[in-house]
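The values are calculated or read from the model by the stated rules, or taken from the named source; none is laboratory data. The shown structure was predicted, so the numbers you read here are calculated from the model rather than taken from an experiment. As a convention, Cβ positions derive from the backbone with ideal geometry for all residues, glycine included, and neighbour counts pool all protein chains shown. Areas reflect the complete protein model, heavy atoms only, side chains present, ligands, DNA and RNA absent. Shrake-Rupley method; radii C 1.70, N 1.55, O 1.52, S 1.80 Å.
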Amino acid sequence: MIVTEGFLVNSKEERTPIYNSQLVLMNKLATNTQKIVTSEDYINSLRDRQLKVFLFGELVEDIVEHPMIRPSINAVAETYDLAQRNPELASEVSPFTNERVNRFLHIAQSKEEVVKQSQMQRKLGQLTGTCFQRCVGMDALNSLYSTTYEMDQKHQTNYHERFKEFMTEMQRQNVVIGGAMTDVKGDRSLAPHQQADPDLFVHISKRTEEGVYITGAKAHQTGCLNSHWLLVMPTMRLTENDKDFAIVGAIPVDAKGITYIYGRQSCDTRSMEGGSIDVGNAQFGGQEAMVIFDNVFIPNELIFMDGEYEFASMLVGRFTCFHRRSYVCKSGVGDVLIGAAATVAEYNGVEKASHIKDKLVEMTHLNETIYGTAIASSHQAKPTESGAYLPDDMLANVCKHHVTKYPFALAQLAQDLAGGLVATLPSEQDFKNEEVGKLLDKYLKGKADISTENRMRILRLIENMTMGRNAVGYLTESIHGAGSPQAQRIQMGRYMNIEAKKTLAKKLAGIEGENNS
């Protein structure tokens, strides 16, 4: 494929018009220029893109400098900084480029590399205290690698080679890949092809010799504006009647026909008020948006599934296995919350009380249980036919099921240790007021050697993580991300092998003469 003068030119010299942003991106990939290395490089790579983003009913002209969006960009930027500071943890030698690449762009080739994914994710949770938005892309890449291999084995297609070429260029440029899986779904009792409005699931709306056009919407898309490319995938098991919905492809984030509607978060406008205290975590935040596709073009070279409906369940299953394990990141965020709870107890002068210590022990127990199941899932990873490794599915689901519960228990204990001020603390502006600021500084003092401002800051951090902006990622998203709790229970039921366990019990009990096969 050659990209020239705003057209895709195939071997037959037929031309399909494309938009300028895709032309620029493809030519960057072809010439291997402007590789992103540092966090500054990454932030600059997000500038001057023609994105159609709505926030509070208005178009956003510059997402990089928008005070509500910038903290989420900073969180992604930290993934680049970590790879520079700790390459053993956050990067790996790629089999495609034979160079070190960011681990978020690497296909795990061993169980040790799957373990490193989990360790990196916990570390980034510790560093940001929020969602750093790259796990979906990493899990999508790893899942698609093995799925395309097995599709090719059955159908003699060439999706796997296409995907490896795409991966090689992504790694050379060191870009951010976002995954787009969750459709808006419409009537949950109906299959995609049965919906009154087919656009409620992303589907092929037009087909040409050069590629396909897709229409529909994806909801709850983490970090989509902060990515360079989106991998669009089906969201559920499909049937033959759903072939037009069995589409996987890579699309530049600033593709023509995409509209983004930024998701509202609790306390999000505090970042627009000025100051650094009331927001709780002024540097880092998460990001979710709705992505609407209106006849968005995907060239054949960037299509990795097209109608192979029977492989949709494999792709979704492998993605959810990876992604449920990826909720190990919540243990890193939990480390921050435990630290904040211990700090506020110290500032309040009660850190030596036995019940305070016991509550911190309970928080630690819950948090390490999340980490333990995730790291065990990673350690028990097994190779797929492609040679890439997949975490243990049962333990991945156990990890995610813990995450639907334990962060809430951690949040409750953190608020318990913080006291009522976590919900009634006056504003930063009041503290700066000439008349009442001194009164607040006097009457909201804890320990004599701890400043009132520092006490206020740690209270705001706990508020931020348990009921403010970053509670979106730590609590609500912990329930619904990668499938709501019942989805994990269904998977655990499939894997629990109850008949084998009954056989073990009967053998030890001396029960004979029954069919224990």
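Structure values in brief
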{"read-out": "Summed side-chain charge close to Leu366 - residues other than Leu366 whose Cβ falls under 14 Å, Lys, Arg +1, Asp, Glu -1", "value": "-2"}
{"read-out": "Sum of -39500 (n - 2.57) over DSSP H runs of 4+, divided by residues of the chain (222 nm, nearest 500)", "value": "-14000 deg cm²/dmol"}
{"read-out": "Simple label model, 7 Å out from Cα along Cβ direction - Asp358 to Asn295, nm", "value": "6.7"}
{"read-out": "Burial ranking of peptide ranges 337-344, 184-191 (average Cβ count within 10 Å, highest at the top)", "value": "337-344, 184-191"}
{"read-out": "Charge sum, other residues only, whose C-beta stays under 11 Å from Leu475's C-beta, Lys/Arg counted +1 and Asp/Glu -1", "value": "+1"}
{"read-out": "Residue among Cys399, Val361, Ala411 farthest towards the positive dipole end of the stretch 279-434, charges placed on Cβ", "value": "Val361"}
{"read-out": "Nearest-10 value in Å² for the accessible area of Leu425, using the 1.4 Å probe", "value": "20"}
{"read-out": "Rounded FRET efficiency, nearest 0.05, which uses the C-beta distance separating Val350 from Glu434 and R0 of 35 Å", "value": "0.60"}
{"read-out": "Label point at Lys447 placed 7 Å out along Cα→Cβ; residues across the stretch 327-354 whose backbone nitrogen lies under 12 Å", "value": "342-353"}
{"read-out": "Mean accessible surface per residue for the chain, computed with a 1.4 Å probe while every protein chain stays in place, in Å²", "value": "43"}
{"read-out": "Lysines whose Cα lies under 26 Å from that of Lys352, excluding same-chain neighbours fewer than 8 positions away", "value": "Lys442, Lys445, Lys447"}
{"read-out": "Ranked by how many other beta carbons lie within 10 Å on average, peptides 491-498, 277-284, 393-400 from highest", "value": "393-400, 277-284, 491-498"}
{"read-out": "Accessible carbon and sulfur surface of the stretch 183-281 relative to its total accessible area, %, 1.4 Å", "value": "48"}
{"read-out": "Anisotropy class of the stretch 274-327 from Cα gyration tensor, a/c 1.5 cut", "value": "oblate"}
{"read-out": "Charge dipole magnitude, Cβ of K and R +1, D and E -1 - the chain, Cα centre, debye nearest 20", "value": "1280"}
{"read-out": "For the stretch 109-227: rounded, prolate or oblate by the Cα gyration tensor [a/c cutoff 1.5]", "value": "oblate"}
{"read-out": "Arg188-Arg264 FRET efficiency (beta carbon distance; Förster radius 22 Å; 0.05 resolution)", "value": "0.40"}
{"read-out": "Heavy-atom accessible surface of the stretch 385-517: percent carbon and sulfur, 1.4 Å", "value": "55"}
{"read-out": "Thr476 paired with Asn454, simple spin-label distance in nm, labels 7 Å along Cα-to-beta-carbon", "value": "3.4"}
{"read-out": "Burial ranking of peptide ranges 404-410, 227-233 (average Cβ count within 10 Å, highest at the top)", "value": "227-233, 404-410"}
{"read-out": "Prolate/oblate/rounded label for the chain (Cα gyration tensor, a/c 1.5)", "value": "oblate"}
{"read-out": "Local electrostatic count, Thr38, Cβ distance below 13 Å [Lys/Arg +1, Asp/Glu -1]", "value": "-2"}
